[in-house]
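Colleague: My questions all concern the structure below.
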Amino acid sequence: MPGKRIDKATGKPVLLDKKVTNVHNFTSPFCKYALAEPERRGLMPFTAFREYGPGPVGQKPLHWFAVPSRPIVSFAGIWRPAEGRAVFAFRTTEPNLLVAPIHPKAMPVLLHDEDEETWLRASIEEAMQLVASYPAQLMRVDG
């Protein structure tokens, strides 16, 4: 689903052609709505995720992050219905010491196995306690 911004001249929302893939601002309407209802939270399984590192446009190096002790890890996901379909995104947080040099703005919220059920079923207050950087010492970066 396209994102929205406010046109400064008219004060009206303007549709953007950019898809929402991650949400860092938990007060945004997309995130607030999804987090408030446990049935709007989900797990987004992955084996590794990638980020482009610093560098000249078109030549930024690609880095892959993984958790070697876990073949499949889950992002803290959220979703909402939109225009006859579901729109998915993952929650982000401050980067840990491994991710920050490559992507200083944010990193996905990676859930520990024991926290997945809490993310799916708990109150918004309990779920928000899981929004934290994954321990860097448990991760690996290639690239």
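Colleague: Calculate the radius of gyration of the Cα atoms of segment 43-140 to one decimal place, then report Dmax, the largest Cα-Cα distance, as a whole number, both in Å.
Modeller: Considering segment 43-140 through its Cα atoms, Rg and Dmax are 14.6, 43 Å.
Colleague: Would you kindly state how much longer the chain becomes between residue 62 and residue 117 on full extension, computed as 0.36 nm times their sequence separation minus their alpha carbon distance, in nm to one decimal?
Modeller: 16.6 nm
Colleague: Can you sort 74, 133 by solvent-accessible area, 1.4 Å probe, largest first?
Modeller: Largest accessible area first, the residues go 133, 74.
Colleague: With labels modelled as points extended 7 Å from the Cα through the Cβ direction, what inter-label distance (nm, one decimal) is found for residue 129 paired with residue 9?
Modeller: Simple spin-label model gives 5.0 nm for this pair.
Colleague: On average, how much accessible surface per residue is there in segment 26-124, in Å², for a 1.4 Å probe, leaving out ligands, DNA and RNA?
Modeller: 54 Å²
The values are calculated or read from the model by the stated rules, or taken from the named source; none is laboratory data. Note that the structure is predicted; figures quoted are calculated from it, not measured. Every residue, glycine among them, receives a Cβ derived from its backbone with ideal geometry; neighbour counts consider all protein chains shown. Accessible surface areas use protein heavy atoms only, side chains included; no ligands, DNA or RNA. Shrake-Rupley method; radii C 1.70, N 1.55, O 1.52, S 1.80 Å.
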